[in-house]
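What follows is a single structure, written as structure tokens, with notes after it.
The values are calculated or read from the model by the stated rules, or taken from the named source; none is laboratory data. Predicted model only: the values in this text are computed from it and were never measured. Ideal geometry is used to build each Cβ from the backbone, glycine not excepted, and the neighbour counts take in all protein chains shown.
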Amino acid sequence: MIIPLDANMDNIAHYIDQTILKPEANREEIEKFIEEVIQYDFYAAVVNPCWLELIHKELPANIKRCSVVGFPLGASSTKVKVKAVEDLILKGCDEIDMVMNIGYFKSRDYKNVSADITAVVESAQGHVVKVIIETCLLSDAEKKDAAKLIIESGAHFVKTSTGFNKEGALVRDVKLLRDAVGHDFGVKASGGIRDYDTGITMINAGANRIGTSAGVSIVKCMKKRGLTDNSYKK
């Protein structure tokens, strides 16, 4: 689902894909993560593929299960990405966050970039696909071109960052991507969003979704201030 930009929401948690993607995360941390996702009612829970079956089993139906493909480099072959998606769907995944093949894109091999994304979208069988373009590695013109390719390839969101590179989401990039894709396409801001004010700023800049591992502290801040999203919404 793409949250409408003009949605009348009173809880920032409903914008948040709560994330735990650090490679050292152990089962105890994943169990705590699941408890927090349920307690704070985040829109989605994002985990590495090895933990997907666990969260699928323990999360209520209203919270989306999300996992990653080609993460964090995007350099897996298309066949590997497709097999990974097929496995995730079989294990109950609702949404896929894939990394664009950045090396192909920087080579201007747009045909293969598009084919890579299209293959993932088709193997996702109608499930939401978000494509990470790693904005810190692209020029503004390249960000616009990537967004266009993503739309043409049938995906549902353009996403700023993995959070594993030199820089995460920037407000200016969210604005640029929103302008590039128009009102009705998904924009996910991710990477370095660790407080409520930054999250709201990203939403005001045009993000439909926020990817963060700091969702708990963000929601706690909102509640402590007695605020709602609409208190801040411009």
Task: Set 17, 6: member being at pLDDT below 95 and either surrounded by fewer than 14 Cβ atoms within 10 Å (Cβ to Cβ) or not in a loop (DSSP other than H, G, I, E, B) (or both) - done: 6
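Residues 139, 123: which one is at pLDDT 95 or above and either more than 28 Å from residue 106 (Cα to Cα) or crowded, with 17+ Cβ neighbours inside 10 Å (or both)?
After applying the criteria, what remains is 123.
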Task: Selection count, region 175-201, where residues are part of a helix (DSSP H, G or I), under 21 Å from residue 11 (Cα atoms) and in contact with a Lys or Arg (Cβ under 9 Å, 6 or more places away or on another chain) - done: 2
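Test residue 80 against the criterion of being touching a residue at least 12 places away in the same chain (Cβ under 8 Å) and of a type outside the set (Asp, Glu), and give yes or no. Step through it out loud before you land on a result.
Details: touching a residue at least 12 places away in the same chain (Cβ under 8 Å): no; of a type outside the set (Asp, Glu): yes.
Answer is no for this residue.
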TODO: Check region 55-75 and report whether any residue there is farther than 29 Å from residue 138 by Cα, of a type in the set (A, V, I, L, M), outside any loop (DSSP other than H, G, I, E, B) and modelled with pLDDT of 95 or more.
DONE: yes
TODO: Just one of (1) of a type outside the set (Gly, Ala, Ser); (2) closer than 16 Å to residue 94 by Cβ; (3) modelled with pLDDT of 95 or more trips up residue 1, so point out which.
DONE: (3)
Open item on the list: I'm trying to understand the selection: among the residues of region 8-37, which are in contact with a strand residue (DSSP E or B) (Cβ under 9 Å, 6 or more places away or on another chain) and hydrophobic (A, V, I, L, M, F, W, C)?
Closed with: 12, 16, 20, 21, 25, 30, 33, 34, 37
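Can you go through 199, 191 and tell me which one is within 23 Å of residue 67 (Cβ to Cβ), of a type outside the set (Phe, Trp, Tyr), touching a Gly at 6+ places or on another chain (Cβ under 8 Å) and buried (at least 16 other Cβ atoms within 10 Å of the Cβ)?
From the options 199, 191, the qualifying one is 191.
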Open item on the list: Quick check on region 148-158: of everything there that is in contact with an Asp or Glu (Cβ under 9 Å, 6 or more places away or on another chain) and closer than 15 Å to residue 113 by Cβ, which residue is surrounded by the fewest Cβ atoms within 10 Å (Cβ to Cβ)?
Closed with: 154
Open item on the list: For region 22-54, give me the residue count where each residue is among the hydrophobic types (A, V, I, L, M, F, W, C), touching a Leu at 6+ places or on another chain (Cβ under 9 Å) and assigned to a helix (DSSP H, G or I).
Closed with: 5
TODO: State all residues of region 175-220 that are of a type in the set (A, V, I, L, M), within 19 Å of residue 2 (Cβ to Cβ) and touching a residue at least 60 places away in the same chain (Cβ under 8 Å); if no residue qualifies, say none.
DONE: 200, 203, 207, 210
